[in-house]
Amino acid sequence: MTDVAKKAGAPPFAASHGRCLVAVLALLAVLTGCSGAGSFIGGKGKSQEAIRVTPADRAEDVRADGRVAVEVPDGRLESVRVRRIEDAQEQEVPGRIAEDGHSWTPAKGARLGLAAKYSVDVVAVDGGGHRAARHTTFTTAVPQDRFIGYFKPENRSTVGTGMIVSFEFNRPVTRRAAVERAIRVTADPPVAVAGHWFGRSRLDFRPEEYWQPGTEVTVDIGLADVEGAPGVYGSQRKTVRFTVGREQISRVDSAAHTMEVRRDGELVSTVPVTAGSPTTTTYNGKMVVSEMHEVTRMDGRTVGFGGEYDIKDVPHAIRLTKSGTFLHGNYWSDDSVFGSTNVSHGCIGLRDVQGGSGSTPAGWFFDRTLIGDVVEVVNSPDKTVAPDNGLGGWNLDWAKWRAGSALR
(Lines give C-alpha, C1' and ligand atoms only; values in the text may rest on other atoms or scores of the structure.)
Protein backbone atom coordinates (compact mmCIF):
# COMPACT_ATOMS: atom_id res chain seq x y z
CA MET A 1 0.00 0.00 0.00
CA THR A 2 1.34 3.47 -0.89
CA ASP A 3 1.74 6.25 1.66
CA VAL A 4 -1.11 8.10 -0.04
CA ALA A 5 -3.38 5.09 0.29
CA LYS A 6 -2.49 4.82 3.96
CA LYS A 7 -3.28 8.48 4.52
CA ALA A 8 -6.59 8.24 2.69
CA GLY A 9 -7.47 5.03 4.48
CA ALA A 10 -7.86 2.58 1.60
CA PRO A 11 -10.95 0.42 2.09
CA PRO A 12 -11.00 -3.30 2.82
CA PHE A 13 -12.81 -3.86 -0.51
CA ALA A 14 -11.59 -2.97 -3.95
CA ALA A 15 -11.21 -4.88 -7.30
CA SER A 16 -27.11 4.83 -6.13
CA HIS A 17 -30.40 9.48 -6.45
CA GLY A 18 -33.02 12.50 -6.54
CA ARG A 19 -32.91 11.56 -10.14
CA CYS A 20 -32.52 7.90 -9.23
CA LEU A 21 -32.91 5.01 -6.89
CA VAL A 22 -32.00 1.46 -7.29
CA ALA A 23 -33.96 -1.74 -7.99
CA VAL A 24 -37.49 -0.48 -7.51
CA LEU A 25 -39.05 -3.94 -7.26
CA ALA A 26 -36.58 -4.97 -4.58
CA LEU A 27 -37.22 -1.68 -2.80
CA LEU A 28 -40.97 -2.21 -2.79
CA ALA A 29 -40.43 -5.54 -1.13
CA VAL A 30 -38.29 -3.85 1.51
CA LEU A 31 -40.91 -1.17 2.12
CA THR A 32 -43.66 -3.75 2.45
CA GLY A 33 -41.62 -5.67 4.99
CA CYS A 34 -41.01 -2.50 7.05
CA SER A 35 -44.58 -1.25 7.14
CA GLY A 36 -46.63 -1.35 10.31
CA ALA A 37 -47.85 0.66 13.25
CA GLY A 38 -45.71 3.64 14.11
CA SER A 39 -43.54 3.31 11.00
CA PHE A 40 -42.33 6.18 8.80
CA ILE A 41 -41.86 3.72 5.95
CA GLY A 42 -45.35 2.24 5.71
CA GLY A 43 -48.93 3.30 6.44
CA LYS A 44 -49.35 7.06 6.70
CA GLY A 45 -45.77 7.71 5.63
CA LYS A 46 -46.71 6.93 2.02
CA SER A 47 -49.43 9.56 1.80
CA GLN A 48 -48.19 12.42 3.98
CA GLU A 49 -44.97 13.88 5.29
CA ALA A 50 -43.50 11.87 8.16
CA ILE A 51 -41.56 15.00 9.22
CA ARG A 52 -43.41 18.32 9.01
CA VAL A 53 -41.28 21.45 8.70
CA THR A 54 -42.51 25.05 8.88
CA PRO A 55 -41.79 27.19 6.83
CA ALA A 56 -42.34 24.98 3.77
CA ASP A 57 -39.34 23.87 1.72
CA ARG A 58 -38.03 26.71 -0.50
CA ALA A 59 -40.41 29.24 1.04
CA GLU A 60 -39.51 32.86 0.26
CA ASP A 61 -40.09 36.21 1.97
CA VAL A 62 -40.48 34.63 5.41
CA ARG A 63 -40.93 37.28 8.12
CA ALA A 64 -38.24 37.69 10.78
CA ASP A 65 -40.86 36.80 13.40
CA GLY A 66 -42.33 34.00 11.27
CA ARG A 67 -43.10 30.59 12.77
CA VAL A 68 -40.37 27.97 12.64
CA ALA A 69 -41.32 24.48 13.82
CA VAL A 70 -40.63 20.80 13.27
CA GLU A 71 -43.17 18.08 14.10
CA VAL A 72 -43.50 14.31 13.77
CA PRO A 73 -46.95 12.71 14.26
CA ASP A 74 -45.38 9.36 15.22
CA GLY A 75 -42.03 8.33 16.60
CA ARG A 76 -39.62 10.91 17.99
CA LEU A 77 -37.18 13.55 16.81
CA GLU A 78 -33.55 12.53 17.13
CA SER A 79 -31.90 15.76 16.00
CA VAL A 80 -32.92 19.14 14.60
CA ARG A 81 -30.54 21.77 13.25
CA VAL A 82 -31.73 25.14 11.91
CA ARG A 83 -28.97 27.40 10.69
CA ARG A 84 -28.28 30.45 8.56
CA ILE A 85 -26.26 29.37 5.53
CA GLU A 86 -24.46 30.83 2.50
CA ASP A 87 -23.43 33.83 4.53
CA ALA A 88 -20.14 34.98 6.05
CA GLN A 89 -21.61 34.72 9.55
CA GLU A 90 -23.08 31.23 9.76
CA GLN A 91 -25.47 31.16 12.69
CA GLU A 92 -27.48 28.42 14.37
CA VAL A 93 -31.03 29.07 15.59
CA PRO A 94 -31.21 27.80 19.19
CA GLY A 95 -34.14 25.56 20.09
CA ARG A 96 -35.24 22.46 21.94
CA ILE A 97 -36.99 19.17 21.30
CA ALA A 98 -40.10 18.66 23.45
CA GLU A 99 -39.98 15.99 26.17
CA ASP A 100 -42.30 13.70 24.19
CA GLY A 101 -39.99 14.01 21.15
CA HIS A 102 -42.83 15.03 18.82
CA SER A 103 -41.82 18.65 18.16
CA TRP A 104 -39.01 21.21 18.06
CA THR A 105 -39.42 24.94 18.64
CA PRO A 106 -36.92 27.83 18.71
CA ALA A 107 -35.69 29.17 22.02
CA LYS A 108 -37.68 32.04 23.52
CA GLY A 109 -36.68 35.33 21.91
CA ALA A 110 -34.93 33.72 18.93
CA ARG A 111 -35.59 35.61 15.69
CA LEU A 112 -34.63 35.08 12.08
CA GLY A 113 -32.41 37.52 10.24
CA LEU A 114 -33.75 39.43 7.27
CA ALA A 115 -32.29 38.85 3.80
CA ALA A 116 -30.98 35.45 4.87
CA LYS A 117 -31.11 31.83 3.76
CA TYR A 118 -31.72 29.05 6.29
CA SER A 119 -31.47 25.27 6.18
CA VAL A 120 -33.39 22.80 8.35
CA ASP A 121 -31.93 19.32 8.86
CA VAL A 122 -33.99 16.79 10.78
CA VAL A 123 -33.53 13.15 11.71
CA ALA A 124 -36.37 11.21 13.37
CA VAL A 125 -36.81 7.62 14.56
CA ASP A 126 -40.07 5.66 14.45
CA GLY A 127 -41.34 2.98 16.80
CA GLY A 128 -39.59 0.26 14.83
CA GLY A 129 -36.19 1.96 15.05
CA HIS A 130 -36.21 3.16 11.43
CA ARG A 131 -34.56 6.52 10.81
CA ALA A 132 -36.04 9.15 8.51
CA ALA A 133 -34.47 12.43 7.43
CA ARG A 134 -35.61 15.72 5.95
CA HIS A 135 -33.60 18.64 4.55
CA THR A 136 -35.35 21.90 3.64
CA THR A 137 -34.37 25.50 2.99
CA PHE A 138 -36.16 28.86 3.13
CA THR A 139 -35.27 32.53 2.70
CA THR A 140 -36.40 35.52 4.68
CA ALA A 141 -37.74 38.80 3.34
CA VAL A 142 -35.53 41.29 1.53
CA PRO A 143 -36.61 44.95 1.15
CA GLN A 144 -38.06 45.54 -2.31
CA ASP A 145 -35.36 48.02 -3.31
CA ARG A 146 -32.51 45.67 -2.31
CA PHE A 147 -30.88 42.52 -3.66
CA ILE A 148 -28.53 40.03 -2.06
CA GLY A 149 -26.44 37.08 -3.22
CA TYR A 150 -26.52 33.70 -1.48
CA PHE A 151 -23.15 32.09 -2.01
CA LYS A 152 -21.03 28.96 -1.79
CA PRO A 153 -18.73 27.86 -0.21
CA GLU A 154 -19.18 28.64 3.48
CA ASN A 155 -16.83 31.08 5.20
CA ARG A 156 -13.74 29.43 6.80
CA SER A 157 -14.46 26.08 5.17
CA THR A 158 -11.94 23.63 3.76
CA VAL A 159 -12.99 22.45 0.31
CA GLY A 160 -11.89 20.19 -2.51
CA THR A 161 -9.89 21.42 -5.48
CA GLY A 162 -12.95 21.56 -7.76
CA MET A 163 -14.85 24.12 -5.66
CA ILE A 164 -16.56 26.88 -7.67
CA VAL A 165 -17.54 30.15 -5.99
CA SER A 166 -21.24 30.51 -6.81
CA PHE A 167 -23.68 33.39 -6.19
CA GLU A 168 -27.47 33.08 -6.51
CA PHE A 169 -29.17 36.49 -6.46
CA ASN A 170 -32.66 36.89 -5.06
CA ARG A 171 -33.64 39.27 -7.90
CA PRO A 172 -32.66 39.39 -11.58
CA VAL A 173 -29.51 41.42 -12.26
CA THR A 174 -29.59 43.57 -15.39
CA ARG A 175 -26.43 45.60 -14.69
CA ARG A 176 -24.24 42.54 -14.61
CA ALA A 177 -20.89 44.26 -15.18
CA ALA A 178 -21.37 46.48 -12.12
CA VAL A 179 -22.27 43.50 -9.95
CA GLU A 180 -19.44 41.30 -11.24
CA ARG A 181 -16.96 44.12 -10.73
CA ALA A 182 -18.09 44.45 -7.10
CA ILE A 183 -17.15 40.84 -6.28
CA ARG A 184 -13.41 40.17 -6.18
CA VAL A 185 -12.02 36.62 -5.89
CA THR A 186 -8.28 36.37 -5.19
CA ALA A 187 -5.99 33.46 -4.35
CA ASP A 188 -2.70 32.84 -2.57
CA PRO A 189 -0.67 31.63 -4.40
CA PRO A 190 -2.03 33.91 -7.14
CA VAL A 191 -4.05 32.50 -10.02
CA ALA A 192 -6.33 34.16 -12.57
CA VAL A 193 -10.04 33.81 -11.67
CA ALA A 194 -12.92 34.71 -14.00
CA GLY A 195 -16.66 35.08 -13.58
CA HIS A 196 -19.38 33.47 -15.71
CA TRP A 197 -23.07 34.40 -15.74
CA PHE A 198 -25.80 31.80 -16.04
CA GLY A 199 -28.82 33.94 -16.86
CA ARG A 200 -29.55 37.04 -14.78
CA SER A 201 -29.55 35.53 -11.30
CA ARG A 202 -26.40 33.39 -11.04
CA LEU A 203 -22.72 34.30 -11.18
CA ASP A 204 -19.95 31.70 -10.72
CA PHE A 205 -16.17 32.16 -10.39
CA ARG A 206 -13.35 29.66 -11.06
CA PRO A 207 -9.74 29.51 -12.27
CA GLU A 208 -8.70 27.88 -15.56
CA GLU A 209 -7.72 24.59 -13.86
CA TYR A 210 -8.67 23.05 -10.53
CA TRP A 211 -7.32 24.96 -7.51
CA GLN A 212 -3.95 23.83 -6.21
CA PRO A 213 -4.08 22.11 -2.80
CA GLY A 214 -3.29 24.53 0.01
CA THR A 215 -4.55 27.61 -1.85
CA GLU A 216 -6.12 30.30 0.34
CA VAL A 217 -9.04 32.01 -1.42
CA THR A 218 -10.57 35.36 -0.45
CA VAL A 219 -13.94 36.59 -1.73
CA ASP A 220 -14.47 40.31 -1.18
CA ILE A 221 -18.16 41.14 -1.61
CA GLY A 222 -18.69 44.87 -2.16
CA LEU A 223 -22.31 44.89 -3.29
CA ALA A 224 -23.54 47.50 -0.82
CA ASP A 225 -25.23 50.32 -2.79
CA VAL A 226 -24.30 48.79 -6.18
CA GLU A 227 -27.24 49.17 -8.57
CA GLY A 228 -27.96 45.67 -9.89
CA ALA A 229 -31.15 46.68 -11.70
CA PRO A 230 -32.91 50.04 -12.08
CA GLY A 231 -33.78 51.21 -8.56
CA VAL A 232 -32.55 47.98 -6.90
CA TYR A 233 -29.33 48.15 -4.87
CA GLY A 234 -27.09 45.64 -3.14
CA SER A 235 -26.84 45.43 0.65
CA GLN A 236 -23.78 43.22 1.29
CA ARG A 237 -20.28 44.23 2.26
CA LYS A 238 -18.31 41.32 3.68
CA THR A 239 -15.25 39.15 3.21
CA VAL A 240 -15.33 35.36 2.92
CA ARG A 241 -12.26 33.12 3.13
CA PHE A 242 -11.83 29.41 2.48
CA THR A 243 -8.96 26.96 2.14
CA VAL A 244 -8.43 24.40 -0.61
CA GLY A 245 -7.56 21.01 0.91
CA ARG A 246 -6.04 17.92 -0.66
CA GLU A 247 -6.98 16.91 -4.19
CA GLN A 248 -9.45 14.05 -4.57
CA ILE A 249 -10.85 13.23 -8.00
CA SER A 250 -13.03 10.16 -8.50
CA ARG A 251 -13.73 8.71 -11.94
CA VAL A 252 -16.89 6.65 -12.40
CA ASP A 253 -16.87 4.35 -15.43
CA SER A 254 -20.53 3.60 -16.06
CA ALA A 255 -19.75 0.79 -18.50
CA ALA A 256 -17.22 -0.91 -16.21
CA HIS A 257 -19.35 -0.31 -13.05
CA THR A 258 -16.33 1.02 -11.13
CA MET A 259 -15.16 4.22 -9.45
CA GLU A 260 -11.44 4.96 -9.29
CA VAL A 261 -10.62 7.20 -6.33
CA ARG A 262 -7.42 9.21 -6.71
CA ARG A 263 -5.88 11.30 -3.95
CA ASP A 264 -3.25 13.84 -5.05
CA GLY A 265 -2.88 11.90 -8.29
CA GLU A 266 -2.33 8.49 -6.67
CA LEU A 267 -4.89 5.69 -7.09
CA VAL A 268 -6.30 4.91 -3.63
CA SER A 269 -8.96 2.36 -4.53
CA THR A 270 -11.23 1.04 -7.24
CA VAL A 271 -14.76 0.78 -5.83
CA PRO A 272 -17.59 -1.28 -7.38
CA VAL A 273 -20.68 0.83 -8.18
CA THR A 274 -24.05 0.71 -9.87
CA ALA A 275 -24.98 3.66 -12.12
CA GLY A 276 -28.13 4.63 -14.03
CA SER A 277 -30.08 1.89 -15.78
CA PRO A 278 -30.44 1.91 -19.59
CA THR A 279 -33.74 3.83 -19.31
CA THR A 280 -32.60 6.27 -16.56
CA THR A 281 -28.94 6.87 -17.34
CA THR A 282 -26.37 8.88 -15.38
CA TYR A 283 -24.98 12.14 -16.77
CA ASN A 284 -21.45 12.13 -18.14
CA GLY A 285 -19.02 14.86 -17.18
CA LYS A 286 -17.42 16.59 -14.23
CA MET A 287 -19.64 17.12 -11.18
CA VAL A 288 -18.68 18.81 -7.90
CA VAL A 289 -19.83 17.75 -4.45
CA SER A 290 -22.15 20.49 -3.15
CA GLU A 291 -23.92 18.83 -0.19
CA MET A 292 -23.34 15.85 2.11
CA HIS A 293 -25.92 14.14 4.34
CA GLU A 294 -25.37 11.23 6.72
CA VAL A 295 -28.97 10.25 5.94
CA THR A 296 -31.56 11.87 3.69
CA ARG A 297 -34.91 11.29 2.04
CA MET A 298 -35.18 10.64 -1.70
CA ASP A 299 -38.64 11.06 -3.21
CA GLY A 300 -39.17 10.39 -6.92
CA ARG A 301 -41.98 12.97 -7.04
CA THR A 302 -39.47 15.79 -6.56
CA VAL A 303 -37.49 14.89 -9.68
CA GLY A 304 -40.12 13.79 -12.18
CA PHE A 305 -40.37 10.09 -11.32
CA GLY A 306 -43.89 10.21 -9.84
CA GLY A 307 -44.39 7.70 -7.05
CA GLU A 308 -41.79 5.20 -8.25
CA TYR A 309 -39.86 5.50 -5.00
CA ASP A 310 -39.77 7.33 -1.69
CA ILE A 311 -36.92 6.24 0.59
CA LYS A 312 -36.69 8.18 3.84
CA ASP A 313 -33.39 6.81 5.12
CA VAL A 314 -30.85 6.87 2.28
CA PRO A 315 -27.40 6.75 3.93
CA HIS A 316 -24.22 8.61 2.99
CA ALA A 317 -25.82 10.89 0.39
CA ILE A 318 -23.49 13.16 -1.61
CA ARG A 319 -25.17 15.66 -3.97
CA LEU A 320 -23.58 16.09 -7.40
CA THR A 321 -26.19 18.11 -9.34
CA LYS A 322 -29.00 20.52 -8.57
CA SER A 323 -31.40 18.32 -10.56
CA GLY A 324 -30.94 15.45 -8.13
CA THR A 325 -27.94 13.30 -9.07
CA PHE A 326 -26.40 11.83 -5.93
CA LEU A 327 -23.63 9.42 -5.10
CA HIS A 328 -25.06 7.50 -2.14
CA GLY A 329 -25.21 4.36 -0.09
CA ASN A 330 -27.56 1.60 -1.23
CA TYR A 331 -28.71 -1.12 1.18
CA TRP A 332 -31.77 -2.38 -0.72
CA SER A 333 -30.13 -3.92 -3.79
CA ASP A 334 -28.47 -7.33 -3.90
CA ASP A 335 -24.70 -7.16 -3.42
CA SER A 336 -24.25 -8.72 -6.86
CA VAL A 337 -25.29 -5.53 -8.73
CA PHE A 338 -22.30 -3.51 -7.49
CA GLY A 339 -19.57 -3.82 -10.06
CA SER A 340 -21.74 -5.67 -12.57
CA THR A 341 -25.10 -4.01 -13.37
CA ASN A 342 -26.53 -0.49 -13.70
CA VAL A 343 -29.93 -0.37 -12.01
CA SER A 344 -30.39 3.13 -10.53
CA HIS A 345 -32.63 6.02 -11.58
CA GLY A 346 -29.55 8.05 -12.59
CA CYS A 347 -27.46 8.21 -9.43
CA ILE A 348 -24.30 6.36 -8.48
CA GLY A 349 -24.85 3.73 -5.81
CA LEU A 350 -22.26 2.20 -3.48
CA ARG A 351 -22.91 -0.81 -1.26
CA ASP A 352 -24.09 0.09 2.24
CA VAL A 353 -26.20 -1.18 5.13
CA GLN A 354 -29.43 0.29 6.52
CA GLY A 355 -28.47 3.08 8.90
CA GLY A 356 -25.08 3.42 7.23
CA SER A 357 -21.69 2.09 8.29
CA GLY A 358 -18.17 3.46 8.06
CA SER A 359 -16.90 0.03 7.04
CA THR A 360 -18.94 -0.20 3.82
CA PRO A 361 -17.79 1.25 0.46
CA ALA A 362 -20.33 4.10 0.79
CA GLY A 363 -19.29 4.91 4.37
CA TRP A 364 -15.59 4.76 3.53
CA PHE A 365 -16.00 7.18 0.60
CA PHE A 366 -18.30 9.55 2.53
CA ASP A 367 -15.83 9.85 5.41
CA ARG A 368 -13.07 10.85 2.98
CA THR A 369 -15.01 13.37 0.89
CA LEU A 370 -15.06 17.17 1.04
CA ILE A 371 -17.50 19.68 -0.40
CA GLY A 372 -15.77 20.70 -3.63
CA ASP A 373 -14.37 17.29 -4.53
CA VAL A 374 -14.79 16.24 -8.16
CA VAL A 375 -16.63 13.15 -9.40
CA GLU A 376 -16.34 12.57 -13.14
CA VAL A 377 -18.57 10.11 -15.00
CA VAL A 378 -17.46 8.54 -18.28
CA ASN A 379 -18.82 5.94 -20.71
CA SER A 380 -22.49 6.56 -19.94
CA PRO A 381 -24.95 6.73 -22.87
CA ASP A 382 -26.34 10.00 -21.42
CA LYS A 383 -25.32 13.56 -22.38
CA THR A 384 -22.76 15.67 -20.53
CA VAL A 385 -24.18 17.42 -17.50
CA ALA A 386 -25.08 21.09 -18.11
CA PRO A 387 -22.54 23.57 -16.67
CA ASP A 388 -25.24 25.27 -14.57
CA ASN A 389 -26.63 22.00 -13.16
CA GLY A 390 -25.00 22.17 -9.74
CA LEU A 391 -21.37 23.25 -9.88
CA GLY A 392 -20.83 21.85 -13.37
CA GLY A 393 -18.79 24.74 -14.73
CA TRP A 394 -15.69 22.59 -15.26
CA ASN A 395 -17.44 21.14 -18.32
CA LEU A 396 -16.78 24.43 -20.15
CA ASP A 397 -13.30 25.12 -21.51
CA TRP A 398 -11.54 28.30 -20.39
CA ALA A 399 -12.39 30.31 -23.51
CA LYS A 400 -16.11 29.55 -23.19
CA TRP A 401 -16.00 30.22 -19.47
CA ARG A 402 -14.44 33.67 -19.90
CA ALA A 403 -16.91 34.45 -22.69
CA GLY A 404 -19.64 34.32 -20.04
CA SER A 405 -18.15 37.22 -18.08
CA ALA A 406 -19.79 40.66 -18.24
CA LEU A 407 -16.34 42.30 -18.01
CA ARG A 408 -15.03 41.32 -21.46
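The values are calculated or read from the model by the stated rules, or taken from the named source; none is laboratory data. What you are looking at is a predicted structure, and each value in this text was computed from that prediction instead of being measured. For neighbour counting, all protein chains shown are included, and Cβ atoms are generated from backbone atoms with ideal geometry for every residue, glycine included. Please note that ligands, DNA and RNA were not included when accessible areas were found on the heavy atoms of the full protein model with its side chains. Shrake-Rupley method; radii C 1.70, N 1.55, O 1.52, S 1.80 Å.
Restricted to segment 245-300, the set of strands (runs of 3 or more DSSP E) holding at least 2 residues that are buried (at least 19 other Cβ atoms within 10 Å of the Cβ) and modelled with pLDDT under 95 comprises 291-299. Candidates are the residues of segment 122-147 that are within 30 Å of Gly231 (Cα to Cα) and surrounded by fewer than 19 Cβ atoms within 10 Å (Cβ to Cβ); the one that is nearest to the chain's Cα centre (by Cα) is Thr137.
If the condition is being in a loop (DSSP other than H, G, I, E, B) and of a type in the set (Ser, Thr, Tyr), then segment 170-201 contributes Thr174, Ser201. Among residues belonging to segment 79-88 that are closer than 28 Å to Pro315 by Cβ and buried (at least 20 other Cβ atoms within 10 Å of the Cβ), point out the one that is modelled with the lowest pLDDT. Ranking the qualifying residues of segment 79-88, first place goes to Glu86. Would segment 328-344 turn up any residue that is under 30 Å from Arg156 (Cα atoms) and open to solvent by less than 10 Å² (accessible area, probe 1.4 Å)? There is at least one residue in segment 328-344 that is under 30 Å from Arg156 (Cα atoms) and open to solvent by less than 10 Å² (accessible area, probe 1.4 Å). Within segment 184-198, residues that are farther than 21 Å from Phe169 by Cβ have Cβ atoms under 6 Å from residues that are open to solvent by less than 20 Å² (accessible area, probe 1.4 Å) and not hydroxyl-bearing (Ser, Thr, Tyr) in these pairs: Ala187/Val217; Val191/Pro207, counting only partners at least 6 apart in sequence or on another chain. Of the residues making up segment 199-218, those that are hydrophobic (A, V, I, L, M, F, W, C) and over 16 Å from Ala178 (Cα atoms) are Trp211, Val217.
Report, by residue number, each residue of segment 107-121 that is out of contact with any Ser or Thr (no Cβ under 7 Å at 6 or more places or on another chain) and either crowded, with 17+ Cβ neighbours inside 10 Å or more than 27 Å from Asp87 (Cβ to Cβ) (or both). If the condition is that a residue be out of contact with any Ser or Thr (no Cβ under 7 Å at 6 or more places or on another chain) and either crowded, with 17+ Cβ neighbours inside 10 Å or more than 27 Å from Asp87 (Cβ to Cβ) (or both), then Asp121 is the only one that fits. Scan segment 89-102 residue by residue and report those that are surrounded by fewer than 16 Cβ atoms within 10 Å (Cβ to Cβ) and of a type outside the set (D, E, K, R). Result: Gln89, Gln91, Pro94, Ala98, Gly101. Looking only at residues in segment 212-237 that are touching a Leu at 6+ places or on another chain (Cβ under 9 Å), surrounded by 15 or more Cβ atoms within 10 Å (Cβ to Cβ) and not polar (S, T, N, Q), the one that is nearest to Phe151 (Cα to Cα) is Gly234.
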